[in-house]
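Reviewing the structure listed below.
A short reminder: the numbers here are calculations on the coordinates, not readings from a lab. Just so it is clear, the structure is predicted and the values come from calculations on it, not from any experiment. As a convention, Cβ positions derive from the backbone with ideal geometry for all residues, glycine included, and neighbour counts pool all protein chains shown.
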Amino acid sequence: WTLDGICSTRSAYHVQFQGCYGRFRPNLIWKAHTENKCKFFAWILVQNKILTADNLQLRNWPHQDHCVMCNRPLESGLHLCLLCPLAKDIWNLVLTWEHFDVQLIQPQVQPTEIHAWWEEAAAAIPRQRRRHFNKVVIYTMWNI
């Protein structure tokens, strides 16, 4: 499991926990220059713990059967922040204002998780602008 082929405690732990935890890079959130409450919101959103209609449904709590902004499918964090037509319009405006490629919000394959979209979009940004991009993502999701 190491490049040099030598077994170590670190490599043993790496093998033991391979696939046991998510691969999302939390530095996208925690190193962004945003307020802590926005970082915490982004972290909870990425973990899919926001109390959107899909999570309310799992708890048998009262909820809307559709997205209240577009009257389409059941509201989820992914739908609310990325897939809703209103959210797409907001993203197009924000990314244009910040001089980022608007195609970041419209990947080739429709995202199934926010963190997968975020990592793919951040990888397309030059390294020196990535921290700013992460800040824009966090604030945009917070405001949506």
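Being more than 13 Å from Thr140 (Cα to Cα), among the charged types (D, E, K, R) and out of contact with any strand residue (DSSP E or B) (no Cβ under 6 Å at 6 or more places or on another chain), is that true of even one residue in region 78-95? No, every residue in region 78-95 fails to be more than 13 Å from Thr140 (Cα to Cα), among the charged types (D, E, K, R) and out of contact with any strand residue (DSSP E or B) (no Cβ under 6 Å at 6 or more places or on another chain). Among the residues of region 33-47, the ones that are surrounded by 18 or more Cβ atoms within 10 Å (Cβ to Cβ) and free of Cβ contacts under 8 Å to residues at least 40 places away in the same chain come to 0 in all. Only one of the numbered conditions (1) under 18 Å from Phe24 (Cα atoms); (2) in contact with a Leu (Cβ under 9 Å, 6 or more places away or on another chain) is not met by Thr52, and that is (1).
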